[in-house]
1. When you look at residue 89, is it open to solvent by 70 Å² or more (accessible area, probe 1.4 Å), more than 18 Å from residue 69 (Cβ to Cβ) and touching a residue at least 60 places away in the same chain (Cβ under 8 Å), yes or no?
2. For the range 115-153, name all the residues that are among the polar types (S, T, N, Q) and either within 18 Å of residue 103 (Cα to Cα) or open to solvent by 70 Å² or more (accessible area, probe 1.4 Å) (or both).
3. What are the residue pairs meeting all of these: first residue in the range 112-136, first residue in contact (Cβ under 8 Å) with a residue 24 or more places away in the chain, second residue open to solvent by 70 Å² or more (accessible area, probe 1.4 Å) and assigned to a helix (DSSP H, G or I), Cβ atoms under 6 Å, and 6 or more apart or on different chains?
4. Is it the case that some residue within the range 73-80 is modelled with pLDDT of 85 or more and either basic (Lys, Arg) or within 13 Å of the chain's Cα centre (by Cα) (or both)?
5. Does the range 60-70 hold any residues that are surrounded by 13 or more Cβ atoms within 10 Å (Cβ to Cβ) and either modelled with pLDDT under 85 or hydrophobic (A, V, I, L, M, F, W, C) (or both), and which are they?
Amino acid sequence: MHAATGRWGAAGAAPAAAPSESQGLLAFFQSGLSGYVPLRSSERSNEEEAYLSLSHWERFLGFLSCLAGSALCFLFSFLFLAPPILALRPHKFALAFTLGNVLFLVGFAILSGPTAYVRHLFSAARWPFSVAYLSSMAGTLYFALGPRWRLVTLLFAVLELGALLTYLAAYFPGGVTTLRYAGSMLARGGSSLLPL
């Protein structure tokens with residue numbers, strides 16, 4: 001640190017003193033908070049305001065970063081579907097897949113704003129889906145990290161996958177039609193493979 005800069009990089013400011021026995025710990029923390037400016041204060045400059053808000057471009061970059069992280073987690077989760085890994089350690093798949101889902105949701109929250117996104121998720125039309133999606137993620141995490149019950153972890157991961165597909169189908173144009181078409185194709189392909 002340069003000699004000219006002190007605490008928080010302000011030139012000429014004295015560095016914070018270590019708490020002495022006579023000063024007390026409470027007094028030390030109160031002196032550290034003495035320069036606090038509330039978020040909604042007229043004392044804050046335009047420069048400080050810029051640090052607390054994100055532009056549309058920055059939100060979009062945050063969204064893309066979260067989607068890239070989500071795609072990476074989904075890639076790892078599907079790599080963990082290999083028979084030896086899935087049979088011995090299904091929690092690896094479940095954790096990677098759930099982290100991908102969390103990053104997916106966080107990306108949309110960054111894009112539209114966290115409060116608006118939470119209001120949207122829990123609107124009257126979406127709250128059953130949101131409860132199912134979030135509870136399947138919580139169940140997956142609980143059974144993957146806690147008791148490590150393999151079958152229950154996989155069951156919650158499958159429910160989570162279904163909720164993710166429903167989310168994608170509801171938000172993208174033609175998503176429901178595409179999902180129905182893919183489901184019918186899988187059903188026809190699966191029925192031709194089964195010996196009946």
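The values are calculated or read from the model by the stated rules, or taken from the named source; none is laboratory data. Worth saying up front: this structure is predicted, and the values here are computed from it rather than measured. As a convention, Cβ positions derive from the backbone with ideal geometry for all residues, glycine included, and neighbour counts pool all protein chains shown. Accessible surface is based on the protein model in full, side chains and every heavy atom, while ligands, DNA and RNA are left aside. Shrake-Rupley method; radii C 1.70, N 1.55, O 1.52, S 1.80 Å.
1. no
2. 115, 130, 135, 136, 140
3. Every condition considered, the pairs that remain are 136/159.
4. Scanning the range 73-80, I find at least one residue that is modelled with pLDDT of 85 or more and either basic (Lys, Arg) or within 13 Å of the chain's Cα centre (by Cα) (or both), so the answer is yes.
5. Once the filter is applied, which keeps residues that are surrounded by 13 or more Cβ atoms within 10 Å (Cβ to Cβ) and either modelled with pLDDT under 85 or hydrophobic (A, V, I, L, M, F, W, C) (or both), the range 60-70 yields 60, 61, 63, 64, 66, 67.
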